[in-house]
Each structure stands twice: as C-alpha cells, then as structure tokens.
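Participant: This is the structure I want to talk about, given as structure tokens.
The values are calculated or read from the model by the stated rules, or taken from the named source; none is laboratory data. Quick caveat, the model's predicted, so the values are computed rather than measured. All Cβ positions, even for glycine, are placed from backbone atoms using ideal geometry, and neighbour counts span all protein chains on display. When the accessible area is computed, the model is the full protein with side chains, heavy atoms only, and any ligands, DNA or RNA have been set aside. Shrake-Rupley method; radii C 1.70, N 1.55, O 1.52, S 1.80 Å.
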Amino acid sequence: MYKVLLIDDEQLSRELLKNYLAAYPQLSVVAECADGFAGFKAIQEHHPDLIFLDIQMPRLNGFEMLELVDEPPAVIFTTAFDEYAIKAFEANAIDYLLKPFVKDRFNKAVDKWLQQATNHTIAAPTIKMEEVVAPDTYQHRIVVKYNNTIRIIPEADIQYLEANDDYVKIVTADGSFLKKCTLSFLEQTLDPQVFARVHRSYMIPVTQLQRIEPYEKDSHIALLHCGAKVMVSKNGLSKLKNMLGW
Amino acid sequence: MAAFIALAALTTLYTLHFLLLTNARMLTYCAVADTLVIGINMWCIALAIKAYPTTVSVLLYALAVGTVFTGIASFLFYRCIKLSLPDFAGAFITAKPIWILLFGMHMIICNWMAIQFALFKKNELLEKKLARQVDIDNSLRDAELFKLRQQLQPHFLYNSLNSIAALIAIQPERAQDMIGKLSDFLRSSVKRESEELLQIKEELQYIKTYLAIETIRFGDRLNVQFAGGTDINATIPSFILQPVLENAIKFGLYGTTEQVSIRFSLSLDNNMLTITVSNPYDPSIQGGKGTGFGLEGTRRRLYLLYGRTDLMETIKDQQQFTTILKIPQHV
C-alpha cells in the first residue's frame, strides 16, 4: 500500500485526481491540501510515497514547498501552466500533467511511478522536450524553515547571501536565516536583474551596493548599505560593471 | 509660395541683367543663347540630383552640382557667342561688369535650382521613410495588443476545462452548467475581438459571467460585491477590466485558502469613468514587487490607447490591494 498526497488549491481538481486514483487500489490518499503550507506539514506528518502537486497555489507555490522538504517524495506535477516544465524536469519530477489531462495520460504517469517504485529503477522522464519552455519565472522571494515554521523573505528584505557549507545564509535586517541549498541554485532561481553573484561565496542585490574598494591584487571589497563588507572576485567585479553599465 | 516669389524675382533679375548690354542685336542674341544654355542646364541638374548618392549631405551635394553647372553654363554661353559672333566675343569678354554679373546670375540660378530639386527629393525620401515608420509602429502595436489579449485567456480556459472534467465525474448536471457559462464567456470573448470600445453594461455582464465560472471553480470562497454602475452610460475599451479582475482574484483568491471578498465600484464624473477594484491581500506573503503580468499589460494598453500613463493607480496597504482605473469618455 502506497501513501499518496494531493496538493491543489482547487477542490474540483483534487476530486478529479481521486476519481482517477480509484482505479489504483494499491494507492491510498492520506491527505488533501489546498496550499503549500498545508502540503509541507502533511508531508512531514504522513511521509507519503507519491504527491500530486499543483504549482500555482496560495501562500507557498509547489516549487517553494518542495525546496523546504528535506527528502522530497516522488512528485507528479499537475498544472495548467506549461512554462514550468523545465523547472519540474530539474526537480526530478516523475511526470508533468498539463491540465486538463485525460485518464490515459494520468494512468501513464502513475504506471511509470509504480514501475519505478516496485523495481527501484529510474525510468526516463516522460516530459517531452517540446513541452519544455524557457521559464522567465524568477522568484522574487525565498522561503526558509525557521524554528519549525515557514518564513517567506521578500527579495527587497535581503541584504546579501553567503554560502555556508551545505547551506546558504540569507542576511536580512531582521537577522539571518539558513536555507539548505547551494548558492548556484539561488543564482538560477532569483532574478538576475536584481541579484549578482559577486564571489564564489557571495551574492548581493545590486541595490544594496554602496561602494567598491580595492582589497588585494585581483580582488575587491563591496560595502553594502547595511554596513556589511563582502568579497568581490575579478569575475564578480566585471559582472557588476555589466549590470550597472559602468 | 516663397519659392514662387523667389522664382519670379529671379526671372525678373535675369531679364533685367541683359538690359545692361547696350547693343540691341547682341542683347537679343545673348538672351536667346543664355536661356537655351540655362534650360539645358536645369534639365541636367534635375537628372544629377535625381541620381543623388545618399551618403553625402543633401545641401552640400546640391551646391556642388550647382557650382559645376554654373561653370558649364558660363563656358557654353561664351562658346556660343564666340562661334556665332566672333567679332563680338572680344568686346564681350572685356566688358568685365557684364561678364561678372552674368556669371553671378548663372551661379544663383543653378545653385537655387539644384537646392530646390535636392530638397524636393529629400522631402520625398523622408515621406517614404515616415510612411514606413508609421506602418511599423502600427503593426507592432497590433501585434502587441494581440499578444496581450492572447495572454489573458489560456490558463483560465485550461483550469475551467479541468473543473469540467472533475464535475463530469462527480456532478454531471453542474458540468453542463459550467459548460454553458464557459461557452457564454468564450462567445463574448470572440465577439469583442472586433470591438474596441464596449458599453460598460456589456463589460459588466461579461465580468459577471467570468466570475460565475470562477465561483464554480472555487466554490463559496469567492464573494464579489458590485457598487454602482448598472445605470452608468459609459464606454470602456475591451480587455481593460478583465486583467484587473484577474489580478484581484490571483492575489486575493489564489493568495489564500480562506473566503475572499472582492469589491468593485464604478462612478462617472466629468467625462471620466472611474473603476475601483479592491481585494484582500497579505503583504507578508507576496514577494516584494511583481504586480504580475495582468497589471503591466493593462497599464501598457491604456498607454497605447490614450497616450497617458496616469490612468491606472494601485494602492497597497496592510490588508487591501486596490486598483483604480480611469477611462476618459468621448475622446
């Protein structure tokens, strides 16, 4: 018996999933959630084997929710938006069901997962390349777990980001937060018009930049409005020059 | 007009300068020869300007052509005199003031003609360029509007179809109801493609159909209140209101799992239709900026239609997000 979780803000969408799932007695729906927060809690509580996940949801979207889960279960995305397919692909999704989807298409996705779950093999993803559209959907906020609650940090509140082993330290006026991810991941998901990776270990919002001073040969130091000093590499400097049009 | 006066003045001057020649036979002969020479020159100047190379400044080119033809005209004129009145040529060439005056007149006439031709040609080129620019602008504008319209629809449609699929399985009668509403909505969507300006009543009816579909999708969570507007006689461009409402739903309804009230009010004052849409919103949830596509598209569209940037205003406070639209009437 596998545990399945449905996360979708529309009740009718969940009803449809349950209806399709009725053909699979070995899958039992342990919970239904209407947003990312509830989804996150339900994953921690039930440890499901498979989740059906909508992307555009209130409060916390599907991707943000997945970022918070330490060991994410298998995911089948269900959404009307095709522009997220490439991101879903990167998130190692089992499949990406575009709403509205028919029962056959749904069965294909579930069968693929069942095969994988029973044989412990990794099947090739069914996401077709033509469905993969370049995403121009950058995040304008970062979600972190903080004292067992979820905190959403808008990009405007961020002073700088610092790589810290397996974590990234997010520094804001209210203190700093740790998020389990790499700086490169945030470099890809945050808006490159706003943030600049100025060093192997640092990323700053360009609006935070107050001035740049030479430090050693080939390296500089950036003074931020918040008072912090951040290392800037040779590469980082040319990136900043590009962004600011010096 | 100025060109005509200048031409008349030049012609008069041109005629008068021959009066300086005292000998009657020579005067007649010179006038005929000079007119002929100048006439042929004009024609050549026109041809030269027509083949105008576009890399040089138009005035410079005209002056160069004019000066060259002044030389040619004067030389030709002198040759004519020498050939047909050999005994006269010596006297003519020694009459310096006449010679200088003649040369000066040739200079003025040739250069003036050259500049006129050049300006005419430049004007023609500019007009062609302008016409093309207008064409480009129009097609860009059309393409942009088309794209903006397209972007408004698909997700709503896909999600609605998905709801219908669910309703067929659990409540077939409601599925029929939903299909009816969706068809109404699509029908008026298609119809309005051709109309730029809509009666506000029609637009409200359209919005209500749209909301009815959203109500089926989201059930009791959506509550919309309308204030005023039912008896207002005003027009609104198509695809202005819907994106604002979509935005209100997106941030209000999609932003929470609780019940949501969207307030909608209309008023007409001084030929200005004012529409206010407000929805609850949680600033701690929304990531900084990002008003989303909907509102940027509306702002852009209002700008394209009225050439003004002050027709849309958004106000954010701790609980409410308000969008105020102003639609000028009779413009």
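Participant: Is there a residue in the range A:171-178 that is surrounded by 18 or more Cβ atoms within 10 Å (Cβ to Cβ), in contact (Cβ under 8 Å) with a residue 60 or more places away in the chain and part of a strand (DSSP E or B)?
Facilitator: There is no residue in the range A:171-178 that is surrounded by 18 or more Cβ atoms within 10 Å (Cβ to Cβ), in contact (Cβ under 8 Å) with a residue 60 or more places away in the chain and part of a strand (DSSP E or B).
Participant: Of (1) open to solvent by less than 60 Å² (accessible area, probe 1.4 Å); (2) modelled with pLDDT under 85, B:PHE103 satisfies all except one. Which?
Facilitator: (1) is the only condition that B:PHE103 fails.
Participant: Moving on to the next point. I need the full set of residues from the range A:55-92 which are outside any helix (DSSP H, G or I) and within 14 Å of chain B (Cβ to nearest Cβ), in order please.
Facilitator: A:ILE55, A:GLN56, A:MET57, A:PRO58, A:ARG59, A:LEU60, A:ASN61, A:PHE77, A:THR78, A:THR79, A:ALA80, A:PHE81
Participant: Do we have B:LEU211 as in a helix (DSSP H, G or I), in contact (Cβ under 8 Å) with a residue 24 or more places away in the chain, away from chain A (no Cβ under 14 Å) and farther than 23 Å from A:LYS103 by Cα here?
Facilitator: Spelling it out, B:LEU211 is indeed in a helix (DSSP H, G or I), in contact (Cβ under 8 Å) with a residue 24 or more places away in the chain, away from chain A (no Cβ under 14 Å) and farther than 23 Å from A:LYS103 by Cα.
Participant: Further question: Say whether the condition of being at pLDDT 80 or above and farther than 25 Å from B:MET42 by Cβ is met by at least one residue in the range B:136-151.
Facilitator: Checked the range B:136-151: no residue is at pLDDT 80 or above and farther than 25 Å from B:MET42 by Cβ.
Participant: Here's a follow-up. Show the residue pairs meeting these rules: Cβ distance below 6 Å; 6+ apart or different chains; first residue within the range B:312-323 and of a type outside the set (A, V, I, L, M); second residue open to solvent by less than 80 Å² (accessible area, probe 1.4 Å) and not in a strand (DSSP E or B).
Facilitator: B:PHE321/B:PHE251; B:PHE321/B:TYR281; B:THR323/B:VAL244
Participant: Additional query: (1) within 12 Å of another protein chain (Cβ to nearest Cβ); (2) modelled with pLDDT under 90: which one isn't true of A:ILE158, the others all being true?
Facilitator: Result: A:ILE158 passes all but (2).
Participant: Is it the case that A:LYS18 is within 12 Å of chain B (Cβ to nearest Cβ), touching a strand residue (DSSP E or B) at 6+ places or on another chain (Cβ under 8 Å) and free of Cβ contacts under 8 Å to residues at least 60 places away in the same chain?
Facilitator: In short, yes.
Participant: Could you list, in sequence order, the residues of the range A:45-54 that are touching a residue at least 24 places away in the same chain (Cβ under 8 Å) and either more than 14 Å from chain B (Cβ to nearest Cβ) or among the charged types (D, E, K, R) (or both)?
Facilitator: Answer for the range A:45-54, where residues must be touching a residue at least 24 places away in the same chain (Cβ under 8 Å) and either more than 14 Å from chain B (Cβ to nearest Cβ) or among the charged types (D, E, K, R) (or both): A:HIS46, A:HIS47, A:PRO48, A:ASP49, A:LEU50, A:ILE51, A:LEU53, A:ASP54.
Participant: To continue, here is another question. Just the residues that are open to solvent by 30 Å² or more (accessible area, probe 1.4 Å) and among the hydrophobic types (A, V, I, L, M, F, W, C), please, taken from the range B:213-242.
Facilitator: Across the range B:213-242, the qualifying residues are B:VAL224, B:PHE226, B:ALA227.
Participant: The conditions are (1) at pLDDT below 80; (2) within 26 Å of A:MET203 (Cα to Cα), and A:ASP82 fails exactly one of them. Which is it?
Facilitator: (2)
Participant: Among the residues of the range A:205-221, count how many are in contact with a helix residue (DSSP H, G or I) (Cβ under 8 Å, 6 or more places away or on another chain) and assigned to a strand (DSSP E or B).
Facilitator: 5
Participant: Report the residue count in the range A:1-24 for those that are within 27 Å of the chain's Cα centre (by Cα) and open to solvent by less than 60 Å² (accessible area, probe 1.4 Å).
Facilitator: Qualifying residue count for the region: 15.
Participant: May I pose another question? Would you check if B:ASP184 is under 21 Å from B:LEU305 (Cα atoms), in a helix (DSSP H, G or I) and modelled with pLDDT of 75 or more?
Facilitator: Taking the combined requirement at face value, the residue does not satisfy it.
Participant: Right, something else. Collect the residues in the range B:106-124 that are open to solvent by less than 80 Å² (accessible area, probe 1.4 Å) and either polar (S, T, N, Q) or closer than 29 Å to B:LEU304 by Cβ (or both), keeping them in residue-number order.
Facilitator: Residues satisfying the conditions are B:ASN111, B:GLN116.
Participant: Right, another one. Is it the case that some residue within the range A:25-34 is outside any strand (DSSP E or B), open to solvent by 10 Å² or more (accessible area, probe 1.4 Å), more than 13 Å from chain B (Cβ to nearest Cβ) and in contact (Cβ under 8 Å) with a residue 40 or more places away in the chain?
Facilitator: Within the range A:25-34 (the criterion being outside any strand (DSSP E or B), open to solvent by 10 Å² or more (accessible area, probe 1.4 Å), more than 13 Å from chain B (Cβ to nearest Cβ) and in contact (Cβ under 8 Å) with a residue 40 or more places away in the chain), the answer is yes, since at least one residue qualifies.
Participant: Within the range B:158-187, can you find the residues that are open to solvent by 50 Å² or more (accessible area, probe 1.4 Å) and farther than 20 Å from A:ASP104 by Cβ?
Facilitator: Listed by number, the residues that qualify are B:GLN171, B:PRO172, B:GLU173, B:ARG174, B:GLN176, B:ASP177, B:ILE179, B:LYS181, B:ASP184, B:LEU186, B:ARG187.
Participant: Report, by residue number, each residue of the range A:93-111 that is within 14 Å of chain B (Cβ to nearest Cβ), open to solvent by 10 Å² or more (accessible area, probe 1.4 Å) and either of a type in the set (Ser, Thr, Tyr) or in a helix (DSSP H, G or I) (or both).
Facilitator: A:LYS103, A:ASP104, A:ARG105, listed by residue number.
Participant: Mind listing whichever residues of the range A:35-54 are more than 16 Å from the chain's Cα centre (by Cα) and either part of a loop (DSSP other than H, G, I, E, B) or among the acidic types (Asp, Glu) (or both)?
Facilitator: Hits for the range A:35-54 are A:GLU45, A:HIS47, A:PRO48, A:ASP49.
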